[in-house]
Amino acid sequence: MITLTTSKAVTTVLGSASTTSYDRMNLVTIHYDVVNKNISGQCQLSSSAAPTATPIVGQYNIPTTGTAVMTVSIPNIPFYASIALTTPQQVAVAGWITTAQNTVEAGFVSVAVVAGVQSTGF
């Protein structure tokens with residue numbers, strides 16, 4: 001969970017000034033593409049002050065090849081950001097993917113779903 005520095009006020013009643021402050025962002029799905037070195041998934045905004053408020057869903061994409069422009073899109077508020085990643089940032093994201101792959105593979109071996117020895121690499 002990421003606690004936002006400044007919460008986003010969202011109108012809760014049509015035609016009213018009533019709002020709910022959305023102050024948390026969660027990555028609810030994370031897809032690691034080991035071959036293409038890409039991370040993508042869904043994110044959602046939620047409210048600590050109103051936990052029963054409907055979450056606001058968006059998407060994100062973090063590529064590490066080509067132009068490598070990270071995007072975050074939450075159309076319902078509306079919010080869209082795109083940030084060109086530097087080469088060191090691309091390397092860092094690729095490292096997150098490799099770490100996730102190695103961790104899950106080691107988990108497969110440790111819980112005996114797969115008999116073998118996990119090693120780094122694809």
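Here, each number is a calculation from the coordinates, and none is a lab measurement. Keep in mind that what you see is a predicted model, and the values were worked out from it rather than measured. Neighbour counts run over all protein chains shown; Cβ positions are idealised from the backbone, glycine included.
General observations
- Taking the listed residues V69, V34, V93, the one that is touching a residue at least 60 places away in the same chain (Cβ under 8 Å) and more than 30 Å from T19 (Cβ to Cβ) is V34, with no other qualifying.
- Taken together, the residues in region 81-119 that are more than 24 Å from the chain's Cα centre (by Cα) and surrounded by 10 or more Cβ atoms within 10 Å (Cβ to Cβ) amount to 4.
- Within region 34-60, tally of residues that are closer than 17 Å to T99 by Cβ and in contact with a Gly (Cβ under 6 Å, 6 or more places away or on another chain): 0
- Set V35, V72: member being under 26 Å from V104 (Cα atoms) and exposed (fewer than 12 other Cβ atoms within 10 Å of the Cβ): V35
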